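Structure, as structure tokens:
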Amino acid sequence: MSKGFNRLMDAVVRIDVREIAFEAGARRYTASIGSGVIMSADGIVLTNAHVASRRAIELNVTLANLERVSAKLVGWDHWTDLAVLRIDMDEVARRGFKFSHAEFGDSTKLFAGQQVYAVGTPHGLTRTVTRGIVSNPNRYFEDTRGIGGYETGTFNTWLQTDAAINPGNSGGPLVTDDGKVIGISSRGYLGANNLGFAIPSATARAVLERLVRDGGVERSYVGIVPGALQDLENFYALESNRGLLINSVDPGSPAAKAGLRGGDIVLAIDGAKVDGRFPEQLPPIQNLIAGKPVGVRLSLTVKRAAETRDYAVMTEKLESRVGEEWAFEKWGLSVRKVSRAFARENQLDDTSGVVVIGVQPGFPGDVAGVTRGDVILKINQQSIASLEVLKTAHAAYEAKPSPTLLETMRNRRVSLYILKP
Amino acid sequence: MIRFSVLLRAACHLGWFALPLVLNAADLPTLWAERVKSVVAVEYVTETEVDRRPSTATGTVIDANGTIILPTGAIDPRTAMGQLKDFKIYLPGDAVGSKGEYLGQDAYTGWHFVRADAAVRGKLTPITAFAPKDAGREPALAEWVWGIGLRAKDEDFVPYIMQSHMALIQSLPQRTGIAQQDVAAPGLPVFNQDGTFVGLALASFGQSFLQFSRNNRGNPVLLVNVEESSAFTLAPEILPNLGRIPKHVSGRPLAWLGAYGLEPMDREVAKFLNLSAQSGAVVSEVLEGSPAEKAGLRNRDIVLSLDGKPLPQLKPDRVIVGYIEREIERRAPGDAVTLTVLRGTERVELKAVLGEEPKLIREAERKYFERIGVASREFVYGDAIERRVKAIESAGAIVHYVKPSSPAAIAGLRLEDWIKEIDGTEVKTFAAAVARLAEIEKDTVRPEFVMLVSRGGETAVLRVKLK
């Protein structure tokens with residue numbers, strides 16, 4: 001193999017993760033294995049967000065020499081399914097280990113049929129190299145399930161490859177002959193043959209930089225759900241290759257406040273023309289909007305029937321529908337804070353309350369009748385503005401258990417329950 | 001005392017299936033022959049856009065005019081009146097059947113009323129002929145009861161006997177008898193040993209079983225017998241309501257309060273709220289423009305009593321919701337009801353004047369467009385509630401049926417989609433939607449049209465290719 005490829009092999013790592021899971025109505029610990037690639041001499045490791053998440057409590061990295069060192073999470077971005085770790089360099093120095101680091105290649109220059117290799121830890125098999133070709137360098141797919149409930153894939157298209165990608169390959173590099181990282185292997189279709197997907201290096205490079213610097217990526221949100229225009233140009237009396245179809249506008253979002261609605265066509269954003277004829281063209285436009293600063297006014301040139309005019313839309317900070325999670329073990333309830341996106345999707349009045357994500361059988365929550373999916377709005381008639389409200393009530397219950405009143409909502413139906421010691 | 005206990009043991013020894021000695025062996029066939037004339041099978045057809053589905057139900061004759069009541073579950077509540085066709089009445093053992101007329105459903109009892117053709121009325125005996133002399137009497141524990149079942153149509157609805165003993169009487173909230181075994185087909189009467197009418201069978205309650213297979217060691221399953229039932233509403237709850245024959249096939253007038261999402265509370269919650277020996281129900285939402293809103297009821301109020309009568313503690317807890325609903329349905333629009341509610345820590349008394357229930361989905365106008373492959377129906381009040389939009393500001397058309405593989409289906413149109421725009425023009429009324437779709441349906445040259453629909457709070461632009 002090339003010198004570059006050998007160097008890459010010295011930069012690929014296995015990642016062992018121990019993380020906390022809240023879903024059971026209690027704190028539980030789970031272990032999993034993934035892959036990663038060292039991208040700098042100071043021990044920065046790039047991997048998937050679904051390998052190393054914010055729930056990780058212990059991260060161990062196995063270097064090319066098969067020695068294990070510990071690492072810490074530096075940054076996390078579920079929207080692109082990328083995360084960054086830093087190897088404990090003191091430990092590396094103390095134990096006299098060496099590693100090399102990989103370099104990015106240019107994913108925008110890839111062509112279908114180009115030979116690529118995936119390196120990683122499929123099913124725990126450390127340092128496995130598989131070979132294939134780029135099947136499609138610009139794959140679009142809608143991801144409705146996300147990663148562990150977190151939204152993903154809105155802002156980039158994917159590299160599709162037939163190099164074997166199995167569970168455990170996640171976070172490992174997809175490389176060209178010269179060992180340049182052109183993608184981060186991320187997922188495969190279960191039950192399909194050789195349909196693997198990677199995040200292109202063009203996306204990974206930009207996100208890595210932000211994660212190292214800020215620990216996260218701040219994006220803007222306006223609340224437009226685009227649809228491909230495809231053959232609708234005639235209907236909308238548009239010239240070809242022009243305009244972005246708004247399929248839906250999130251209720252209560254900045255776009256809705258500005259008066260935009262489904263069926264409108266965005267011709268330009270801040271004067272820059274947009275073209276959303278095919279689904280593959282939608283993620284870059286979404287990324288363009290997301291890349292605008294938070295809290296600024298965007299000018300959207302919009303065509304509605306015969307009329308074309310500009311709409312001013314204020315960007316707001318993009319947030320996940322998944323809020324902060326916690327387990328209240330004395331009650332046997334694990335919960336997730338209601339986020340702004342969740343409140344909008346479920347037509348809640350505001351973001352107060354928590355969603356029940358786990359109930360432990362036989363514990364007070366279960367005995368009272370609370371079930372998964374209930375939104376707890378009040379505790380002892382006090383509104384739950386933040387998790388702190390519940391934490392305080394739980395601490396009081398722990399110190400002196402006494403009947404506690406919950407007000408919950410499910411499908412707009414309000415119920416009262418008593419948590420009883 | 002001693003003699004009594006000995007006798008009882010002897011009775012047990014004979015087994016539950018032995019008939020009590022008071023009934024002569026000759027009596028039962030006579031009672032049977034008379035009472036079988038009180039039951040019929042009713043067949044009807046549900047006619048949808050593309051098919052005709054026959055259904056059968058069993059019912060009981062209630063008067064000399066050949067009026068028959070069918071249980072609540074005999075007809076799917078989502079079915080529009082206009083879709084119910086070809087009612088036919090079959091006497092037990094009758095292969096031919098005769099014409100029947102659907103009279104509508106009564107909201108309070110839930111019964112569907114059907115009337116038999118004059119020609120067969122003479123062959124029917126109303127159940128009132130067997131009414132008890134003591135109107136309030138309930139069967140005793142372990143009392144022997146019997147009822148009638150009807151075989152299926154291919155066996156000419158031949159009648160057969162079922163018999164059992166009383167196991168339990170519950171308030172659900174109506175007084176409901178539960179026998180040890182199935183005792184009658186749903187909707188058919190139950191009698192005691194002298195042939196007195198003691199109740200009308202309900203839809204069967206489910207029974208829990210474990211299902212074993214080669215791979216599974218005992219999965220819990222719930223089995224519901226749709227042909228026979230062991231539960232029946234007691235006669236004192238039935239007889240006073242036989243006069244509730246709907247004046248109109250829609251079942252109107254329908255009393256309406258507009259307190260949405262009534263939720264029961266368990267005894268722990270009642271205790272926490274210092275409600276002793278009574279129950280309450282939380283009002284999830286007060287509906288826009290409803291009598292409840294006008295009376296000043298608020299979201300999260302807890303209903304404690306109706307007309308000064310505290311809500312009873314019934315089991316299971318959920319029964320209280322049915323109790324309140326029946327209290328409303330029992331009344332007529334224009335009637336007043338006084339509610340006592342708990343609001344925070346304060347007790348508030350409200351007087352509501354019941355209104356007329358807004359148009360129901362089953363009453364909505366409908367129109368089918370064969371070539372496009374869509375049936376749409378009028379947007380009604382319930383649609384606004386479901387979609388959490390203001391009813392006064394909302395109108396238009398809802399997709400009621402999408403024909404498989406039709407242009408509409410291929411475009412991705414789904415059931416319950418709310419049609420907001422057709423070809424870029426806002427749909428303001430159902431009539432406008434129908435006019436627009438009819439025009440498109442007729443136009444054989446047009447290659448496509450575009451719809452904007454709303455579903456689950458999101459919208460989608462759909463292109464329907466017609467050729």
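Every residue, every condition in (1) within 14 Å of chain A (Cβ to nearest Cβ); (2) in contact with a helix residue (DSSP H, G or I) (Cβ under 9 Å, 6 or more places away or on another chain), yes or no:
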| residue | (1), (2) |
| --- | --- |
| B:A391 | no, yes |
| B:K403 | no, yes |
| B:L415 | no, no |
| B:E421 | yes, no |
| B:V427 | yes, yes |
| B:A435 | no, no |
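When region A:1-52 is examined, which residues are found to be acidic (D, E) and closer than 18 Å to A:N169 by Cβ?
A:D16
Report, by residue number, each residue of region A:376-421 that is among the β-branched types (V, I, T) and away from every other protein chain (no Cβ under 12 Å).
Selection gives A:I376, A:I379, A:I384, A:V389, A:T392.
Have a look at B:S394, B:S376 and point out the one that is among the polar types (S, T, N, Q) and closer than 27 Å to B:D51 by Cβ.
B:S376 is the lone residue from the list that is among the polar types (S, T, N, Q) and closer than 27 Å to B:D51 by Cβ.
Does A:T130 meet the test of being within 25 Å of A:D10 (Cα to Cα), touching a residue at least 12 places away in the same chain (Cβ under 8 Å) and either outside the structural domain of A:M39 (by TED's automatic domain parsing) or of a type in the set (D, E) (or both)?
Judged against the criteria, A:T130 is a match.
Quick check on B:S276: is it among the polar types (S, T, N, Q) and in contact (Cβ under 8 Å) with a residue 24 or more places away in the chain?
When the stated conditions are applied, B:S276 does not pass them.
Out of the strands (runs of 3 or more DSSP E) lying entirely within region A:100-183, which hold 1 or more residues that are aromatic (F, W, Y)?
Strands (runs of 3 or more DSSP E) meeting the threshold: A:115-120, A:158-161.
Of all residues being under 21 Å from B:L350 (Cα atoms) and within 11 Å of chain A (Cβ to nearest Cβ) in region B:271-286, which is surrounded by the fewest Cβ atoms within 10 Å (Cβ to Cβ)? Just the residue, please. Lay out the reasoning, then the answer.
So the first thing to find is which residues in region B:271-286 are under 21 Å from B:L350 (Cα atoms), and the list is B:273-275, B:278-286.
Still in the running and within 11 Å of chain A (Cβ to nearest Cβ): B:273, B:280-285.
Values: B:L273: 17, B:G280: 24, B:A281: 25, B:V282: 23, B:V283: 25, B:S284: 19, B:E285: 20.
Here the answer is B:L273.
Rundown of residues vs (1) away from chain B (no Cβ under 12 Å); (2) surrounded by 15 or more Cβ atoms within 10 Å (Cβ to Cβ); (3) at pLDDT 95 or above; (4) closer than 29 Å to A:L82 by Cα, yes/no style:
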| site | (1), (2), (3), (4) |
| --- | --- |
| A:L211 | yes, yes, yes, yes |
| A:G227 | no, yes, no, yes |
| A:L232 | no, yes, no, no |
| A:S240 | yes, no, no, no |
| A:D250 | no, yes, no, yes |
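With the checklist (1) farther than 21 Å from B:A435 by Cα; (2) surrounded by fewer than 18 Cβ atoms within 10 Å (Cβ to Cβ); (3) of a type in the set (K, R) in hand, flag the one item B:R371 doesn't pass.
Condition (1) is where B:R371 drops out.
Note down all Cβ pairs under 7 Å where the first residue falls in region B:256-270 and is more than 7 Å from every other protein chain (Cβ to nearest Cβ), the second is of a type in the set (S, T, Y) and crowded, with 23+ Cβ neighbours inside 10 Å, and they're at least six residues apart or on different chains.
Cβ pairs passing all conditions: B:W256/B:S290; B:L257/B:S290; B:G258/B:S290; B:A270/B:S279.
Identify all residues within region B:72-102 that are in contact with a His (Cβ under 8 Å, 6 or more places away or on another chain) and not β-branched (V, I, T); write none if there are none.
B:A74, B:Y102
Of the conditions (1) surrounded by fewer than 15 Cβ atoms within 10 Å (Cβ to Cβ); (2) at negative phi; (3) within 25 Å of the chain's Cα centre (by Cα), A:V338 fails just one. Which one is it?
It fails just one condition, (1).
Looking only at region A:307-325, decide whether some residue is in contact (Cβ under 8 Å) with a residue 60 or more places away in the chain, among the basic types (K, R) and out of contact with any Leu (no Cβ under 7 Å at 6 or more places or on another chain).
Among the residues of region A:307-325, at least one is in contact (Cβ under 8 Å) with a residue 60 or more places away in the chain, among the basic types (K, R) and out of contact with any Leu (no Cβ under 7 Å at 6 or more places or on another chain), which makes the answer yes.
Give the residues of region B:314-329 that are in a loop (DSSP other than H, G, I, E, B) and surrounded by 17 or more Cβ atoms within 10 Å (Cβ to Cβ), sorted by residue number.
Answer for region B:314-329, where residues must be in a loop (DSSP other than H, G, I, E, B) and surrounded by 17 or more Cβ atoms within 10 Å (Cβ to Cβ): B:L314, B:D317.
Tally up the residues in region A:76-113 that are of a type outside the set (A, V, I, L, M, F, W, C), over 28 Å from the mean Cα position of the chain (by Cα) and under 22 Å from A:S2 (Cα atoms), please. I'd like the intermediate steps shown before the answer.
Step one: list which residues in region A:76-113 are of a type outside the set (A, V, I, L, M, F, W, C), which gives A:77-78, A:80-81, A:86, A:88, A:90-91, A:94-96, A:98, A:100-101, A:103, A:105-109, A:113.
Within this subset, residues satisfying the condition of being over 28 Å from the mean Cα position of the chain (by Cα) are A:90-91, A:94-96, A:98, A:100, A:113.
Filter once more, so that each one left must be under 22 Å from A:S2 (Cα atoms): A:98, A:100, A:113.
So the answer is 3.
Quick one: A:D366 ticks every box in (1) away from chain B (no Cβ under 14 Å); (2) part of a helix (DSSP H, G or I) bar one, so which box is it?
With (1) away from chain B (no Cβ under 14 Å); (2) part of a helix (DSSP H, G or I) applied to A:D366, the lone miss is (1).
Can you spot a residue in region B:439-455 that is within 14 Å of chain A (Cβ to nearest Cβ), of a type in the set (G, A, S) and part of a strand (DSSP E or B)?
For region B:439-455, residues within 14 Å of chain A (Cβ to nearest Cβ), of a type in the set (G, A, S) and part of a strand (DSSP E or B): present.
Tally time: how many residues in region A:335-355 are more than 14 Å from every other protein chain (Cβ to nearest Cβ) and under 11 Å from A:D250 (Cα atoms)?
0
Those residues that are in a loop (DSSP other than H, G, I, E, B), under 16 Å from the mean Cα position of the chain (by Cα) and crowded, with 18+ Cβ neighbours inside 10 Å, I need them from region B:74-107; list them, please.
Filtering region B:74-107 down to residues in a loop (DSSP other than H, G, I, E, B) leaves B:75-80, B:91-97, B:106-107.
Next, from what is left, pick out any that are under 16 Å from the mean Cα position of the chain (by Cα): B:75-80, B:106-107.
Of everything in region B:74-107, those that are in a loop (DSSP other than H, G, I, E, B), under 16 Å from the mean Cα position of the chain (by Cα) and crowded, with 18+ Cβ neighbours inside 10 Å turn out to be B:I75, B:A80, B:D106, B:A107.
Quick one: is B:V461 hydrophobic (A, V, I, L, M, F, W, C) and modelled with pLDDT under 95?
yes
Condition first: within 14 Å of chain B (Cβ to nearest Cβ) and at positive phi. Now tell me which residues in region A:295-332 satisfy that.
A:A305
What are the pairs, 6+ residues apart or on separate chains, where a residue within region B:213-225 that is in the same structural domain as B:P186 (by TED's automatic domain parsing) and under 24 Å from B:A184 (Cβ atoms) has its Cβ under 7 Å from a residue that is surrounded by 10 or more Cβ atoms within 10 Å (Cβ to Cβ) and among the aromatic types (F, W, Y)?
As it stands, the answer is B:L223/B:F209, since those pairs meet every condition given.
Residue-wise test of (1) under 29 Å from B:R388 (Cβ atoms); (2) surrounded by fewer than 18 Cβ atoms within 10 Å (Cβ to Cβ).
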{"position": "A:W331", "(1), (2)": "no, no"}
{"position": "A:S334", "(1), (2)": "yes, no"}
{"position": "A:R344", "(1), (2)": "yes, no"}
{"position": "A:Q347", "(1), (2)": "yes, yes"}
{"position": "A:Q382", "(1), (2)": "yes, yes"}
{"position": "A:H394", "(1), (2)": "no, no"}
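Could you grab the pairs with beta carbons closer than 8 Å, sequence gap of 6+ or different chains, first residue in region A:27-41 and assigned by TED's automatic domain parsing to the domain that holds A:V129, second one modelled with pLDDT under 95 and hydroxyl-bearing (S, T, Y)?
As it stands, the answer is none, since no pair meets every condition given.
Please enumerate the residues belonging to region A:317-328 that are surrounded by fewer than 16 Cβ atoms within 10 Å (Cβ to Cβ) and at pLDDT 95 or above.
If the condition is that a residue be surrounded by fewer than 16 Cβ atoms within 10 Å (Cβ to Cβ) and at pLDDT 95 or above, then A:K317 is the only one that fits.
Test B:L242 against the stated conditions and say whether it is surrounded by 22 or more Cβ atoms within 10 Å (Cβ to Cβ) and within 20 Å of the chain's Cα centre (by Cα). Before the answer, list the steps.
Values: surrounded by 22 or more Cβ atoms within 10 Å (Cβ to Cβ): no; within 20 Å of the chain's Cα centre (by Cα): yes.
It is false that B:L242 is surrounded by 22 or more Cβ atoms within 10 Å (Cβ to Cβ) and within 20 Å of the chain's Cα centre (by Cα).
Return a yes/no flag: does region B:393-400 have any residue that is touching a helix residue (DSSP H, G or I) at 6+ places or on another chain (Cβ under 9 Å), within 25 Å of A:R412 (Cα to Cα), without any contact (Cβ under 8 Å) to a residue 12 or more places away in the chain and within 14 Å of another protein chain (Cβ to nearest Cβ).
Checked region B:393-400: no residue is touching a helix residue (DSSP H, G or I) at 6+ places or on another chain (Cβ under 9 Å), within 25 Å of A:R412 (Cα to Cα), without any contact (Cβ under 8 Å) to a residue 12 or more places away in the chain and within 14 Å of another protein chain (Cβ to nearest Cβ).
The values are calculated or read from the model by the stated rules, or taken from the named source; none is laboratory data. Bear in mind the structure is a predicted one, so any value in this text is a computation, not a measurement. Because the Cβ atoms are built from the backbone with ideal geometry, glycine has one as well, and the counts that use them run over all protein chains shown.
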